[in-house]
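The values are calculated or read from the model by the stated rules, or taken from the named source; none is laboratory data. It should be emphasised that the depicted structure is a prediction, and the values quoted were computed from it without experimental measurement. For neighbour counting, all protein chains shown are included, and Cβ atoms are generated from backbone atoms with ideal geometry for every residue, glycine included. The protein model used for the area step is the full one, side chains on, heavy atoms only, and it has no ligands, DNA or RNA in it. Shrake-Rupley method; radii C 1.70, N 1.55, O 1.52, S 1.80 Å.
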There are 2 protein chains.
Amino acid sequence: MLRVPNTDTRQIPRDDDIVASVHKTLSDWAGSGVNFALVETAGGVHSPGPNGNSQADLYRPLRLPIVLVADSRLGGISSSISAYESLLLRGYDVHSVLLFRDEYYKNHEYLLNYFQKKCIPLVPLPSPPPKPSVQDADSLARDEEAMTTYYGRVAQETDVASLLQQLSSKNAERIDRLESMASRAHDTIWYPFTQHHGMEAKDITPIDSAYDDYFQTFVGSDESQHENKLRATFDGSASWWTQGLGHGNPSLALSAAYAAGRYGHVMFPGNIHEPALSLAELLIESIGNPRLRKVFYTDNGSTGMEVAVKMGLRAACDRYGWDASQEQISILGLKGSYHGDTIGVMDCSEPSTFNKKVEWYRGRGYWFDFPQVKMSQGVWKVEIPENLRESLGSGLEFSSLDEIFDMEERLQSAAGKRYQDYIRNTIQDLVHQHRMKFGSLIMEPIILGAGGMLFWSVVRGHPELFDTSAAKSAKDHPVATSWSGLPVIFDEVFTGLYRLGRKSSASFLQVDSDVSVNAKLLTGGLLPLCTTMASNEIFQAFSSPEKSDALLHGHSYTAHAVGCQVAVDSLQTMMQMENSGSWDGYRQDWKPTRSDSPATLSARDSPDVWSVWSHGLVSDLSHAPSVDGVFAIGTVLSISLKDVQGGGKSSMRFHPRSARSGLTCDVSTAQIGYTSTAARGLQQRLSTSDGEFNVHSRVLGNVLYLMSSVTSQPEALRSIEGLLREALL
Amino acid sequence: MLRVPNTDTRQIPRDDDIVASVHKTLSDWAGSGVNFALVETAGGVHSPGPNGNSQADLYRPLRLPIVLVADSRLGGISSSISAYESLLLRGYDVHSVLLFRDEYYKNHEYLLNYFQKKCIPLVPLPSPPPKPSVQDADSLARDEEAMTTYYGRVAQETDVASLLQQLSSKNAERIDRLESMASRAHDTIWYPFTQHHGMEAKDITPIDSAYDDYFQTFVGSDESQHENKLRATFDGSASWWTQGLGHGNPSLALSAAYAAGRYGHVMFPGNIHEPALSLAELLIESIGNPRLRKVFYTDNGSTGMEVAVKMGLRAACDRYGWDASQEQISILGLKGSYHGDTIGVMDCSEPSTFNKKVEWYRGRGYWFDFPQVKMSQGVWKVEIPENLRESLGSGLEFSSLDEIFDMEERLQSAAGKRYQDYIRNTIQDLVHQHRMKFGSLIMEPIILGAGGMLFWSVVRGHPELFDTSAAKSAKDHPVATSWSGLPVIFDEVFTGLYRLGRKSSASFLQVDSDVSVNAKLLTGGLLPLCTTMASNEIFQAFSSPEKSDALLHGHSYTAHAVGCQVAVDSLQTMMQMENSGSWDGYRQDWKPTRSDSPATLSARDSPDVWSVWSHGLVSDLSHAPSVDGVFAIGTVLSISLKDVQGGGKSSMRFHPRSARSGLTCDVSTAQIGYTSTAARGLQQRLSTSDGEFNVHSRVLGNVLYLMSSVTSQPEALRSIEGLLREALL
């Protein structure tokens, strides 16, 4: 039996160290043939550990199966059930319940019945003899005798062997289940974005649980050199970019439970509830774009973008007097963009091998190519795509990311003006020569659209480009509150809400969109929810005495209370982290050392660009012989490798759609066509590290992506950086 | 102060009566000017009430603000925090915490800090004197004296007045907030399916909480004749048809919390976790359609139907060798159908005033008109739409709903054969004369498609109708495991999972679809989640060495653990209810009394059709002078009223799309165009009942809809039926 916490009072060990030490001890024991161990904690489930944190939280990373010792005293029914609920909402499995038999209160009878319904065995034990009231030798001797008799009685009256047997068999069942999960999933699950041809059960990883930044993945006994059947794996894709506040976050679990307990789901039209109202108000107040005044709820980024497109097209058709049933209204976008998989928003991306096989896909727009940002050989560069070099010239160099995001400067620069001219001329040609009609500009403001301000500037600054008829003129509308040219829709599903270190990624561009969509990090990484925010003017475009002019969109669980409550709590937590300087260390690391601006953190609202990944790493890796370029912003790091096999120089281009569709890269390499050997090698190396944890990452072509949550521990990130340096330098 | 539970031991009152009695007492007190009341419960939050149920659950319908009395003893930190968590996951608000000061354990110091972070004030009180060990007169006198001194000390050392003041001001804040919610929602929320023109704040109802079948709606002090500011309203639309197991269901809240605590969300492609696997297996095993072998997860009915359409079209194009990029592949559907609001599935419904204003809407299909079922003048009728009477003859009469759903009989009947001929001829004409190509048959199997078996029979039985080219012949495929003619897609989003009293609504038709979509009730009414199930053959249509042939669809929170876990628990609960005969009373009521089949419940799997609404009600109302027809199945009741103003006979037609888009009927009547005065009058009468609760219902044109959850109390339903009888008979 292992007794914790450590009773060495000379120095209180950190919680992480306690957990690591318990883990090591249990692993060692398992390695040396011990097949049963009990970890006895002190007090109740929420009794404070050595550092004052609840033990239920402290030991959660281990998620050991629980033998709950219930309370036979007065009030014990209540405290035992509550303790059970506290364990459950931290994702523990309670395998059995023990308590003393007390014939007066009979808690064991009530609880036996209670836990039976949950298929949890309860074993009542005889009550121990009373403690001796005095501590003299005689009493102690009598007490020892009484206890010996008592233990004899326990052994006689309680089938301890079968209790242990039960625990063992639950453990065996758990392992059996984990062992069979992959093949059963292979039989029953149709995975998203996955070519199942050639995929085998062994390509599927069972995840037993997750906590903080780590999955607990099942490693089959034959494959693994570890004694442990579970292995911690750093979630380096932030679970499809959703993760913000850590897996298994007990605060978010409690928020979810509270909203579920207070409301369940209540229908939204014509009603209002606290979580939906609070979230709408919080977003409007804090998002930093004074245009956005109305919040429309849906369930995910794709549906939220469908709503955004409906909004934008209606506003444009309304202003320009177009009849969309008679002519095609298109959108302006960026090449390689991705806005979701429902057919309406698939149509917002240009035709490619990835959508053209979808039977109802019909791309409806024009998509611009655009420059890309990377650090190469220690220098920040803006790279112009080859086909545009004739019009735009070659690339540009900058001293810092801050300089690249100095939008006013770039707008005024010769290169900026050249690019704006190119955009304007292209649109003019499309509208006047090709008779196209555009109803919205849709873009992801950063990652894809680092140069997005230039698009915005042309579209807003030249309404005459779009208004070929004699309908209402855009000039009738005051620019401060009104859209001009086209409604600008920002898809911030991936980039918003601190993924890139800021609440709004649009703030990098200093551009106020007319419609903005947030999802993914909105709930801190727990649940699907999406908000489409719009200006009052867009909202008014649907106002009419005709019911059928309304925005006819709504899902059954619109503004579900659980999602809204979790989102309110997530956003407040992230805002609190920002305001309390939780990321100042990272900001300090990325502060450009300009002669005219001392490296202080006084101006938190300045357009500083920073990343949780260290600037030194980005700079060092950019010099590595196998590296073509590196980019980091907020929680995102991308490393583009030179392709040795292919021989050619490869592009640093970030393609969200490819990122999605390429998701099965590490499921089966056979099917995805060409993938850079170098990037796959690096990914492989991270995923089988000898260190304390593996690292799960995404590889897309020749680019390896890593992502953290906003609460990731700097030690873990530095440790991953160590692996990267080892591999590449 | 009100002490509960009732201590009259002669007869234990029912839990409902206890709650009603507490409610009445508090209401009376409030009416007579008492402005502060404490309800003292016995023991801990989960201590059993008089009937053995946890008091936290027992008193939940009242959701009174909580003063938590924490525990100052050894272990009290843990039990107090757990008690707090148990309250939260039932949706209670804890307004303050009291506990005795114990200078040895100092729980008050730890808990003060703990609750401070949650903005909950904690007031430590001096410890009371010890209980006298003997009960003689002397001791009791001493004890009384000691207690008097103690109370003096409490009054001196504790600012009880400010504690009460704090509670009062929290209550005032709560009411202020409720009073301002409607106007703040009016400012910030863009409601789904709502024409905001002319909508005012007063048209929005604040919902303070919900429990079981009831919303607690805020009734402004001026509008209400009640002393209570909150009023129970029966959720007669089942919150947009989602509700199954009651609002604020503590088991589902705990399931949600468990999955959130165990996983948060973990990315799905290439991984598997227990809730997603369990749900997939449970559905495949239990849905009763041996074709459906693969489960694809999305977030709502609309996205799930997008996936279904992608599946169906691909399978058809693959078999028939069509190139969908070169020609339009359409779907076959039913008039008035509704499959969601994303543009792809909007295109699956015929053009109408409700979608034709959506700029990118392009209906892609052909939609059949179809007969409708109703009871009129005590007789079950199948009514043929006017435009089809020439081809199909006039309507039919049946002795029971069971007879209507005797599919084999109807398929063989003369009328059935006439309708099948009509369908076959129409398709032949569309394909051969109009050169249309069809890729799927999409329908809701019941409600809209009670005659759906006829469509299915024609489409499956006549593959030659669709295969105009010389491509692969459908005859190569064995019919038992393979689709024939067209893939059949059932949209069971509304009708599935016990909404109509059966797990699968397709079972009424005795038809096995190739693709089936479930959502809404999937999570018992808590959270968005959707499953698209498909046959292995549909699945294989996407299998290829080419990555780009895969089903390219996936949302970030695909198969989120919280939703899957809640769905597993919901489904198991509903299946358990079915198996344990929870609905046998209803079934008995609906059992047709045929001479050849005695009214027993032996054959539970027989195609019995029943409803929670009593057969007597349906029959009686169908005779009412103002009623045109009535229909009931499972939890759904619809009453079609004759329109006196319009003078004409009105149709009983159920239009899910209109049902959705008509949702703001009761928000503002001015905007929705023509609505039957009679139906609105009935709705109004239900919504302002003098009884113990109001009833929220939907009115669409001249039809009033009512829906219950699967756990609704028969007493509540009979009480609503009483209101209907009163109003109509």
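Just wondering, is there one or more residues in region B:181-203 that are surrounded by 15 or more Cβ atoms within 10 Å (Cβ to Cβ) and away from chain A (no Cβ under 11 Å)?
no
For B:Q326, only one of the following conditions fails: (1) closer than 24 Å to B:S513 by Cα; (2) assigned to a loop (DSSP other than H, G, I, E, B). What is its number?
(1)
Please go through (1) in contact (Cβ under 8 Å) with a residue 24 or more places away in the chain; (2) outside any loop (DSSP other than H, G, I, E, B) for A:Q195 and return the number of the only condition it doesn't satisfy.
(2)
Filter region B:301-317 for residues that are over 14 Å from B:S516 (Cα atoms) and touching a helix residue (DSSP H, G or I) at 6+ places or on another chain (Cβ under 9 Å); which is surrounded by the most Cβ atoms within 10 Å (Cβ to Cβ)?
B:A315
Considering only region B:514-540, state which residues are in a loop (DSSP other than H, G, I, E, B) and either open to solvent by 20 Å² or more (accessible area, probe 1.4 Å) or out of contact with any helix residue (DSSP H, G or I) (no Cβ under 6 Å at 6 or more places or on another chain) (or both). Step through it out loud before you land on a result.
Our first condition is that a residue be in a loop (DSSP other than H, G, I, E, B); within region B:514-540, this holds for B:514, B:519, B:524-529.
Residues satisfying the conditions are B:G525, B:P528.
Taking the conditions exactly as written (at the interface with chain B (Cβ under 10 Å from one of its Cβ atoms) and assigned to a helix (DSSP H, G or I)), does A:A276 satisfy them or not? Before the answer, list the steps.
Details: at the interface with chain B (Cβ under 10 Å from one of its Cβ atoms): yes; assigned to a helix (DSSP H, G or I): yes.
Considered against the rule, which asks whether it is at the interface with chain B (Cβ under 10 Å from one of its Cβ atoms) and assigned to a helix (DSSP H, G or I), A:A276 comes out as yes.
Please specify each residue of region B:244-261 satisfying the condition of being at the interface with chain A (Cβ under 7 Å from one of its Cβ atoms), assigned to a helix (DSSP H, G or I) and closer than 17 Å to B:Y498 by Cβ.
Matches in region B:244-261: B:L252 only.
Could you list all residues from region A:121-133 that are surrounded by fewer than 18 Cβ atoms within 10 Å (Cβ to Cβ) and under 42 Å from the mean Cα position of the chain (by Cα)?
First, the residues of region A:121-133 that are surrounded by fewer than 18 Cβ atoms within 10 Å (Cβ to Cβ): A:121, A:126-133.
A:P121 - this is the single residue of region A:121-133 that is surrounded by fewer than 18 Cβ atoms within 10 Å (Cβ to Cβ) and under 42 Å from the mean Cα position of the chain (by Cα).
For A:R153, all conditions in the list (1) out of contact with any helix residue (DSSP H, G or I) (no Cβ under 7 Å at 6 or more places or on another chain); (2) open to solvent by less than 50 Å² (accessible area, probe 1.4 Å); (3) free of Cβ contacts under 8 Å to residues at least 60 places away in the same chain hold save one; what is the number of the exception?
Only one criterion in (1) out of contact with any helix residue (DSSP H, G or I) (no Cβ under 7 Å at 6 or more places or on another chain); (2) open to solvent by less than 50 Å² (accessible area, probe 1.4 Å); (3) free of Cβ contacts under 8 Å to residues at least 60 places away in the same chain is unmet by A:R153, namely (2).
From A:G378, A:G395, which residue is in contact (Cβ under 8 Å) with a residue 24 or more places away in the chain and at positive phi? Before you say what the answer is, go through the steps one by one.
Values: A:G395 fails: at positive phi.
Of A:G378, A:G395, the one residue that is in contact (Cβ under 8 Å) with a residue 24 or more places away in the chain and at positive phi is A:G378.
Given the conditions (1) within 10 Å of chain B (Cβ to nearest Cβ); (2) closer than 30 Å to A:I175 by Cβ; (3) polar (S, T, N, Q), and given that A:N228 satisfies all but one, which numbered condition is not satisfied?
(1)
Go through (1) without any contact (Cβ under 8 Å) to a residue 24 or more places away in the chain; (2) surrounded by 11 or more Cβ atoms within 10 Å (Cβ to Cβ); (3) within 28 Å of A:P275 (Cβ to Cβ) and name the single condition B:E173 misses.
The one condition B:E173 does not meet is (2).
Among the residues of region B:683-719, which ones are part of a helix (DSSP H, G or I) and either open to solvent by 30 Å² or more (accessible area, probe 1.4 Å) or under 21 Å from B:H23 (Cα atoms) (or both)?
Filtering region B:683-719 down to residues part of a helix (DSSP H, G or I) leaves B:683-687, B:714-719.
Selection gives B:Q684, B:R685, B:S687, B:P714, B:E715, B:A716, B:R718, B:S719.
Please find, among A:A471, A:A480, the residue that is modelled with pLDDT under 90, over 22 Å from A:L454 (Cα atoms) and open to solvent by 10 Å² or more (accessible area, probe 1.4 Å). Spell out how you get there, then give the answer.
Numbers: A:A480 fails: over 22 Å from A:L454 (Cα atoms).
When all the criteria are applied, what remains is A:A471.
Which residues, counting only those in region B:204-216, are open to solvent by 10 Å² or more (accessible area, probe 1.4 Å) and more than 8 Å from every other protein chain (Cβ to nearest Cβ)?
B:Y211, B:D212, B:Y214, B:Q216
Pairs please, first residue from region A:521-548 and at the interface with chain B (Cβ under 7 Å from one of its Cβ atoms) and on the phi < 0 side of the Ramachandran plot, second anywhere and crowded, with 17+ Cβ neighbours inside 10 Å and of a type in the set (S, T, Y), Cβ atoms under 7 Å, 6+ apart in sequence or on different chains.
A:L527/B:Y557; A:P528/B:Y557
How about region A:256-287: which of its residues are over 26 Å from B:A201 (Cα atoms) and open to solvent by 10 Å² or more (accessible area, probe 1.4 Å)?
A:Y258
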